[in-house]
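The structure under discussion appears below in the form of structure tokens.
The values are calculated or read from the model by the stated rules, or taken from the named source; none is laboratory data. Predicted model, so just to flag it, every value in this text is computed and none were measured. Virtual Cβ from ideal backbone geometry, glycine too; neighbours counted across all protein chains shown. Note: accessible area is taken over every heavy atom of the protein model, side chains too, but ligands, DNA and RNA are not part of it. Shrake-Rupley method; radii C 1.70, N 1.55, O 1.52, S 1.80 Å.
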Amino acid sequence: MSDLTAATDIDSRLEGHRVELTGYCYRMLGSAFEAEDAVQDTLVRAWRNFEKFEGRSSLRSWLYRIATNVCLDMLNAGKKRARPVDLTGPTPLAQAALNPLPENTWLEPMPDGRILPSVADPAEAAVARESVRLAFVAALQHLPPKQRAVLILREVLAWKASEVAELLDTSVASVNSALQRARATLAENEGLTDTANPLDEEQRKLLERYVAAFEGYDMAALTALLHEDAVMTMPPFDLWLQGHHDITGFMVSIGAGCEGSRLVATTANGTPAFAHYKPNPDGPGFVPWAVQVIDISDGAITGLHCFLDAPRWFPLFGLPDHLEADRA
């Protein structure tokens, strides 16, 4: 085999693990861009040291060991990303003010295609989707880094305790203890949704009604779709609202500029999502405004998570930077 052919073969073998490694690093770090940086660092390290890989473990296990070390190094600074609901209580509409916090404060959204590899087993696919939900990844941020790794490897990726112990250079007893503590912490912090995949008929109709209500800026129709305790978040602003009265009140006051918007369906974090385009203030058509990640539970919308830094998110999601005026 020529050197070029061998190099191409190594590249192909490493690239075959990119999506699942990105999902792992995203769960660890809570950041789309940091996760992709961590995976790139992992693959570069693997390439440079491939001659030292002697096949004593599988290539996949070896890559996860490298990725775990990269993530643990990145987390040593004590960084912990959050949602607005993790930092403060809800703000009454009368006191609403838009105060931005630095980018590295926030848990970030992630397109499904970058973190969810194709798997044949529906149960395995369901676990993977649940484990990238915003609420689950936010709950992971409450765990110390090594507990985080243990829980993801054991509960999400279904590694054996002995395999995790080998990866982390620790004992099986230590792994089991860390997993028990991690489970207890997660039970206190995780919020659940019940979005099916593929969406069931009821959920599809709910989202169709949501699009119609949002694009028509029909607050009565929107109120009928929102759970009474629904939340609306808007990173990078720390403001979050609770209850359909305050959400719709915000939309017709501070958020009134969104009237006449258009929504384009996408997916993020294992849940339905929409690219939100506002009317172009400088001409025809519509311009990027936000990526909305939608939580659904008990037949109602329970969360509207609007990530407003469009120049960051729209390229990540592969979304167009303009919609024509006839998009209706």
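Would a scan of segment 60-73 turn up a residue that is open to solvent by 60 Å² or more (accessible area, probe 1.4 Å), at pLDDT below 90, of a type outside the set (A, V, I, L, M, F, W, C) and within 29 Å of Leu168 (Cβ to Cβ)? Working first, answer last.
First, pick out the residues of segment 60-73 that are open to solvent by 60 Å² or more (accessible area, probe 1.4 Å): 60, 65, 69, 73.
Imposing the further condition that a residue be at pLDDT below 90 reduces the set to none.
Among the residues of segment 60-73, not one is open to solvent by 60 Å² or more (accessible area, probe 1.4 Å), at pLDDT below 90, of a type outside the set (A, V, I, L, M, F, W, C) and within 29 Å of Leu168 (Cβ to Cβ), which makes the answer no.
How do the pairs read when you match residues in segment 200-221 that are farther than 13 Å from Ile247 by Cβ and open to solvent by less than 30 Å² (accessible area, probe 1.4 Å) with residues anywhere that are part of a loop (DSSP other than H, G, I, E, B) and at pLDDT below 95, using Cβ under 8 Å and keeping only pairs 6 or more apart or on different chains?
The qualifying pairs are Gln203/Thr195; Gln203/Ala196; Leu206/Gly299; Leu207/Leu199.
So which of Ala230, Ala265, Ala256 ends up being over 25 Å from the mean Cα position of the chain (by Cα) and either among the polar types (S, T, N, Q) or over 19 Å from Asp309 (Cβ atoms) (or both)?
Values: Ala230 fails: over 25 Å from the mean Cα position of the chain (by Cα); Ala265 fails: over 25 Å from the mean Cα position of the chain (by Cα).
Residue meeting the stated conditions: Ala256.
Arg114 is checked against (1) modelled with pLDDT under 95; (2) open to solvent by 70 Å² or more (accessible area, probe 1.4 Å); (3) in contact with a Gly (Cβ under 9 Å, 6 or more places away or on another chain) and fails just one. What number does that condition carry?
Of (1) modelled with pLDDT under 95; (2) open to solvent by 70 Å² or more (accessible area, probe 1.4 Å); (3) in contact with a Gly (Cβ under 9 Å, 6 or more places away or on another chain), only one is false for Arg114: (1).
Is there any pair with a first residue in segment 34-45 that is open to solvent by 50 Å² or more (accessible area, probe 1.4 Å) and a second that is assigned to a helix (DSSP H, G or I) whose Cβ atoms are under 6 Å apart and which are 6 or more apart or on different chains, and what are they?
Pairs that qualify, where the first residue is open to solvent by 50 Å² or more (accessible area, probe 1.4 Å) and the partner is assigned to a helix (DSSP H, G or I), are Asp41/Val70; Arg45/Ile66.
Every residue, every condition in (1) part of a loop (DSSP other than H, G, I, E, B); (2) touching a strand residue (DSSP E or B) at 6+ places or on another chain (Cβ under 6 Å); (3) among the polar types (S, T, N, Q); (4) within 25 Å of Leu116 (Cβ to Cβ), yes or no:
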| position | (1), (2), (3), (4) |
| --- | --- |
| Gly260 | yes, yes, no, no |
| Ala273 | no, yes, no, yes |
| Lys278 | no, yes, no, no |
| Asp282 | yes, no, no, no |
| Trp289 | no, yes, no, no |
| Ile294 | no, yes, no, yes |
| Gly303 | no, yes, no, yes |
| Trp313 | no, yes, no, yes |
| Leu319 | yes, yes, no, yes |
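Among the residues of segment 74-100, write down those that are out of contact with any strand residue (DSSP E or B) (no Cβ under 8 Å at 6 or more places or on another chain), open to solvent by 80 Å² or more (accessible area, probe 1.4 Å) and in a helix (DSSP H, G or I).
The answer is Ala94, Gln95.
I'd like the full set of residues that are closer than 22 Å to Lys79 by Cβ, part of a helix (DSSP H, G or I) and open to solvent by 60 Å² or more (accessible area, probe 1.4 Å), limited to segment 136-167.
The answer is Lys146, and nothing else.
Within segment 274-296, restricting attention to residues that are of a type in the set (Gly, Ala, Ser) and out of contact with any His (no Cβ under 7 Å at 6 or more places or on another chain), which residue is surrounded by the fewest Cβ atoms within 10 Å (Cβ to Cβ)?
Result: Gly283.
Say whether the condition of being within 22 Å of the chain's Cα centre (by Cα) and open to solvent by less than 20 Å² (accessible area, probe 1.4 Å) is met by at least one residue in segment 168-187.
Yes: segment 168-187 contains one or more residues that are within 22 Å of the chain's Cα centre (by Cα) and open to solvent by less than 20 Å² (accessible area, probe 1.4 Å).
Give segment 222-242 a look and list any residue that's in contact with a helix residue (DSSP H, G or I) (Cβ under 7 Å, 6 or more places away or on another chain) and free of Cβ contacts under 8 Å to residues at least 60 places away in the same chain, or say none.
Leu222, Thr223, Glu228
Looking at His305, His245, which one is open to solvent by 40 Å² or more (accessible area, probe 1.4 Å), touching a residue at least 40 places away in the same chain (Cβ under 8 Å) and not β-branched (Val, Ile, Thr)? Outline the logic, then answer.
Numbers: His305 fails: open to solvent by 40 Å² or more (accessible area, probe 1.4 Å).
That would be His245, the only listed residue that is open to solvent by 40 Å² or more (accessible area, probe 1.4 Å), touching a residue at least 40 places away in the same chain (Cβ under 8 Å) and not β-branched (Val, Ile, Thr).
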